[in-house]
Amino acid sequence: MDSNWILEQEKLKSKVICYDMYNWQHKRCISRVGGMDLSFIKGDESVACAALVVCELPDCEVVYEDITMVPLTISYVPGFLGFREAPAIVEAFSRLRDTNINLVPECILVDGNGILHPRGFGLASHVGVLCDVPTVGVAKNLYQMDGILRDDDQKHRISLLHEPGDHFALKTNSGNTLGLAVKTSAASTKPVYVSVGHKISLHTAAWLVCLCSKYRIPEPVRQADIRSREFIRKNSFSQK
DNA sequence: GCGACAG
DNA sequence: ATCTTGTCGC
């Protein structure tokens with residue numbers, strides 16, 4: 001079952017575009033940024049709450065939200081997160097396109113990695129290709145691979161990050177830059193790991209993440225996280 | 001065999 | 001991911 005997933009990732013990965021398809025950064029014309037996240041229930045592996053929110057710049061005011069309970073068919077397997085979480089987001093994005101095309105965001109921030117992934121195809125790229133929308137991967141923890149390690153050198157470079165916007169490249173042994181460790185808020189010690197999802201350059205991706213960050217986690221993703229958790233709590237799905 | 005392992 | 005409250009500090 002794993003080999004089929006690898007073939008599927010390789011097939012979809014060939015469609016990934018790692019450069020800007022629009023000139024938002026130069027013209028400063030981004031108006032809406034999406035964010036997605038899934039929350040789970042402690043003792044229930046069968047369902048999860050998926051959230052897709054749309055924030056409007058420059059203040060990241062939430063102008064749209066789609067919070068839904070979704071069935072889970074696949075368990076979490078490191079390296080294959082897309083197969084577990086992408087379907088719910090693809091459906092939510094499809095609903096948004098069908099019902100509120102005027103609120104469709106220019107880009108979606110995804111919690112998880114883009115091409116900063118063992119096979120270059122993380123959740124953010126998965127969502128980007130399936131929805132054919134620009135995406136950025138924003139991971140809270142580093143997925144170690146190819147010489148990109150949480151070693152002392154890594155810790156040292158993190159300690160050198162001071163101002164929001166400070167960052168350093170995450171390079172493989174062969175010298176390829178797969179992502180950036182970015183300090184997004186003055187208060188946080190931990191950086192966020194940004195990588196290209198689809199149809200955006202790494203530089204623009206980091207710029208956008210910083211543009212949307214009031215706290216460590218960029219607002220669109222943070223709001224999706226808050227709202228999906230709250231939905232589970234209010235509906236007492238936890239007492240199962 | 002042992003350790004690693006986004007969410 | 002989730003289990004979990006308050007608390008120390010800017």
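Every number in this text was worked out from the coordinates using simple rules, so none of it is lab data. Since we're looking at a predicted model, the values are computed, not measured. Note that each Cβ is placed from the backbone with ideal geometry, even for glycine, and that neighbours are counted across all protein chains shown.
Cα centroids of the stretch A:39-92 and the stretch A:179-220: 20 Å apart.
Going through the cross-link list A:Lys15/A:Lys199; A:Lys42/A:Lys234; A:Lys15/A:Lys140; A:Lys140/A:Lys171; A:Lys140/A:Lys199; A:Lys15/A:Lys171, which pairs have a Cα-Cα distance over 20 Å in this structure? Spell out each step's value before the answer.
Numbers: A:Lys15/A:Lys199 10 Å; A:Lys42/A:Lys234 15 Å; A:Lys15/A:Lys140 26 Å; A:Lys140/A:Lys171 18 Å; A:Lys140/A:Lys199 22 Å; A:Lys15/A:Lys171 22 Å.
Over 20 Å Cα-Cα: A:Lys15/A:Lys140; A:Lys140/A:Lys199; A:Lys15/A:Lys171.
Here the Kirkwood formula puts the hydrodynamic radius of chain A at 18.0 Å, using every distinct Cα pair. Cβ distances below 4.7 Å define possible disulfide partners, and in chain A the cysteines left without one are A:Cys18, A:Cys29, A:Cys49, A:Cys107, A:Cys131, A:Cys210, A:Cys212.
Label reach from A:Arg229 (point 7 Å along Cα→C-beta): in the stretch A:36-54, amide nitrogens under 17 Å belong to A:36-43, A:48-53. The stretch between A:Asp166 and A:Trp5 holds 54.4 nm of extra length on full extension. This uses 0.36 nm per residue minus the Cα-Cα distance. The residue among A:Tyr64, A:Asn176, A:Asn235 whose Cα reaches farthest toward the positive pole of the charge dipole of the stretch A:21-239, with charges on the beta-carbon of Lys, Arg, Asp and Glu, is A:Asn176. Placing +1 on the Cβ of every Lys and Arg and -1 on the Cβ of every Asp and Glu, with no other charges, gives the stretch A:21-239 a dipole of roughly 260 debye about its Cα centre. With 0.36 nm allotted per residue and the present C-alpha distance subtracted, the A:Arg95-A:Arg119 stretch has 5.7 nm of extension available. Sorting A:112-125, A:215-228 by their mean Cβ neighbour count within 10 Å, with the most densely packed peptide first, gives A:112-125, A:215-228.
Is it possible to state the helix-based mean residue ellipticity at 222 nm for chain A, with each DSSP H run of 4+ residues giving -39500 (n - 2.57), the sum divided by total residues, to the nearest 500 deg cm²/dmol? What is it? When only DSSP H runs of four or more count, the value is -10000 deg cm²/dmol.
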